[in-house]
1. Translational D (Stokes-Einstein, µm²/s) of segment 33-116 at 10 °C and 1.306 mPa s when Rh comes from the Kirkwood sum over C-alpha pairs?
2. How much of the pair distance distribution for segment 206-356 lies past 18 Å, counting alpha-carbon pairs only, in percent?
3. Can you give the FRET efficiency to the nearest 0.05 for residue 174 and residue 61, using r as the Cβ-Cβ distance and R₀ = 45 Å?
4. Taking other Cβ within 10 Å of each residue's Cβ, how do 301, 82 sort, fewest first?
5. Counting Lys and Arg as +1 and Asp and Glu as -1, each charge on the Cβ, what is the dipole of the chain about the Cα centre in debye, to the nearest 20?
6. Of the listed pairs 53/96; 196/280; 2/96; 15/123, which have alpha-carbon separations greater than 22 Å here?
7. State, as an integer percentage, the relative contact order of the chain based on alpha-carbon contacts under 8 Å between residues 6 or more apart.
8. Find out how many positive minus negative residues lie around residue 90, taking Lys and Arg as positive, Asp and Glu as negative, among other residues whose Cβ is under 14 Å from that of residue 90.
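Bear in mind that the values in this text are calculations on the coordinates, not laboratory data. Just so you know, these numbers come straight off a predicted model, no measurement behind them. Please note: Cβ atoms are built from the backbone with ideal geometry, for glycine as well, and neighbour counts cover all protein chains shown.
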Amino acid sequence: MKPMLIREVSFTNFKNYSDVQFRFGPKFNLIHGLNGTGKTNLLDGLYYLCVGKSYFNPHDQKIVRYNESFFRLEGDVIKDKTNHKVIIKVKPGILKELSVDGAILERISSHLGFMPVVFSAPKDIDLIYGSGISRRRYIDHLLCQIDQAYLLALVTFNHLLQMRNAALKAGYKDLRRMISTYDEQMTPLANLIFEKRKWLSAFIEPILIQTYLTLSDNRENVSLSYESRISEYPFDVLADMNWEMDKNTMRTNAGIHKDDYHLEIKNMSAKEYGSQGQIKSLIFALHLSKYKVLREEIGTTPILILDDVFDKLDENRLARLMEILTTPEYGQIFLSHTTGKRVSDFISPDQLNEIQM
């Protein structure tokens with residue numbers, strides 16, 4: 001397994017940071033300080049360096065520091081004992097450039113998978129209580145990091161979907177023929193996306209089951225099922241079946257963009273019947289399962305980022321989580337908390353690097 005770690009980063013005009021540098025240790029890195037001091041911004045900067053966008057905000061205009069016109073991220077990364085320099089320069093609306101070892105990438109998305117990452121944040125509660133969009137994006141992000149063909153198919157399908165919806169809204173004279181040309185292009189893409197999602201669901205579910213059992217002290221079982229109408233009909237058939245509805249509502253009502261994932265605890269809907277502790281454990285089980293899939297498929301230890309993790313779990317579940325994270329299977333980990341006191345109960349000093357904000 002190829003080890004990977006972020007040794008040092010520097011931020012310029014990124015969120016609340018004007019010009020700052022941070023150095024990190026190879027295992028646990030605890031960022032602690034009072035609320036509002038920039039702990040989450042630091043973690044988001046690490047995530048941005050890994051994937052080329054913020055975990056919290058898709059608009060770069062809201063990432064740049066107030067009254068500044070650009071921001072810059074630079075990271076010294078060690079991957080498989082080789083040093084790499086990753087630099088991201090952004091002038092919102094004008095320039096977005098990502099380079100690795102001096103070579104500028106043609107597409108930011110091609111950086112996905114070079115620095116595999118898993119991020120946990122309080123907003124992840126949407127994975128359980130939110131709409132299917134949250135769960136699709138979560139699975140899509142995992143698949144895009146391990147499969148460039150999936151990434152290309154998803155980007156192309158979404159682009160065609162936007163054009164199809166725009167045509168439906170415009171109401172062109174020869175609308176049915178125009179929509180049919182889009183459907184022909186979207187059908188093989190939808191099939192590829194469906195097959196990859198189906199594969200991943202079957203792959204990740206046993207990992208999720210075992211991880212959740214560990215976090216819950218073997219008290220409960222969980223399940224994950226993938227729901228897609230593409231399993232019944234190809235996209236073009238679904239589109240034909242929904243033509244009148246699409247025309248009346250001026251949007252595409254059926255297809256791969258409506259897929260969902262159903263999560264259960266003890267054979268009951270997690271969303272409807274899960275307790276607070278069960279939901280928290282399930283979310284962390286999802287993140288750790290995602291980590292394991294990335295690790296196995298890419299062959300590199302991913303970066304694991306846990307924002308405000310200590311306030312989410314009770315002592316028993318937190319103890320189980322930390323037991324998992326201290327094993328050699330996990331590489332570099334970033335955590336945030338208001339103080340460093342609670343961490344010392346679980347992590348030996350030689351594995352802990354503290355950053356006081």
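1. In µm²/s, the coefficient is 116.
2. Beyond 18 Å sits 66 percent of the P(r) for segment 206-356.
3. Between residue 174 and residue 61 the formula returns 0.70.
4. The fewest-first ordering by Cβ neighbours comes to 82, 301.
5. 680
6. 196/280; 2/96
7. Averaging sequence separation for qualifying contacts and normalising by length gives 26 percent for the chain.
8. Once positives and negatives cancel, what remains is +3.
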